[in-house]
Amino acid sequence: MARGRAFLFGKIYLKMKIEKYRHIIILRTLIKAKEPVTANTLAKLTNSSLRTIKSDIAHLNALCDEEGIARIRSYKAKGYRIDVKDEAKYKEFSDSIDVLSSMYYRRSVFCCHPGYVDAELLTLTTLSLERAKDAQMMMSEKVMKWIKENNVELITYRELPR
């Protein structure tokens, strides 16, 4: 990942410097864990040294703390665990990490909001121009051809797994 890249997911704007894929692995592992996770376990999952894991935890902890999302706590002889500071921010953050993780597992999420803009829609949203551009792009021959050639499955919001 690019240094300092900002990601927009849902309502939370992550300005976090998630610099390495292993950062996503560490965060996802800690988010999903019911018990503290040892540095050894994280090192094995990321093919990293213990020193690297400790450095990464310090970096990620500072970022999570700065955003007011959570704090990564170290429990002696047990491992690391996430303590949530703000439930709403943490939920958005957790969902964002899942999306980033899925992108690395060859599963990508592409969201758009295509639609025809009429007088009623103009009064309901400020995204009218974006909707029209999304519709034009998604219906272009080039995109439709690419979708067919790459066996992309298109689904609606209602079809997303819960």
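Of everything in segment 107-119 that is over 25 Å from Asn150 (Cα atoms) and open to solvent by 70 Å² or more (accessible area, probe 1.4 Å), the residue that is modelled with the lowest pLDDT is Tyr116. Of all residues in segment 120-162, those being among the β-branched types (Val, Ile, Thr), surrounded by 10 or more Cβ atoms within 10 Å (Cβ to Cβ) and either in contact with a helix residue (DSSP H, G or I) (Cβ under 7 Å, 6 or more places away or on another chain) or not in a loop (DSSP other than H, G, I, E, B) (or both) number 2. Selection of segment 29-40 for residues being assigned to a helix (DSSP H, G or I) and more than 18 Å from Ser101 (Cα to Cα) yields Ala39, Asn40.
When restricted to residues that are closer than 17 Å to Asp65 by Cβ and either open to solvent by 100 Å² or more (accessible area, probe 1.4 Å) or in contact with a Phe, Trp or Tyr (Cβ under 7 Å, 6 or more places away or on another chain) (or both), segment 77-91 contains 4. Reported count of residues in segment 71-91, each being closer than 14 Å to Pro36 by Cβ and either in contact with an Asp or Glu (Cβ under 7 Å, 6 or more places away or on another chain) or part of a helix (DSSP H, G or I) (or both), is 2.
Taken over segment 24-35, residues that are touching a strand residue (DSSP E or B) at 6+ places or on another chain (Cβ under 8 Å) and open to solvent by 40 Å² or more (accessible area, probe 1.4 Å) amount to 1. Taking the criterion of being more than 20 Å from the chain's Cα centre (by Cα), assigned to a loop (DSSP other than H, G, I, E, B) and among the aliphatic types (A, V, I, L, M), would at least one residue in segment 44-54 satisfy it? Taking every residue of segment 44-54 in turn, none turns out to be more than 20 Å from the chain's Cα centre (by Cα), assigned to a loop (DSSP other than H, G, I, E, B) and among the aliphatic types (A, V, I, L, M).
Out of curiosity, is Asp65 open to solvent by 40 Å² or more (accessible area, probe 1.4 Å), modelled with pLDDT of 85 or more, of a type in the set (D, E, K, R) and under 29 Å from Tyr21 (Cβ atoms)? Against the criterion (open to solvent by 40 Å² or more (accessible area, probe 1.4 Å), modelled with pLDDT of 85 or more, of a type in the set (D, E, K, R) and under 29 Å from Tyr21 (Cβ atoms)), Asp65 qualifies.
The values are calculated or read from the model by the stated rules, or taken from the named source; none is laboratory data. Remember, it's a predicted structure, so these values are computed and weren't measured experimentally. All Cβ positions, glycine included, derive from the backbone under ideal geometry; neighbour counts span all protein chains shown. Heavy atoms of the whole protein, side chains included, go into the accessibility calculation; ligands, DNA and RNA do not. Shrake-Rupley method; radii C 1.70, N 1.55, O 1.52, S 1.80 Å.
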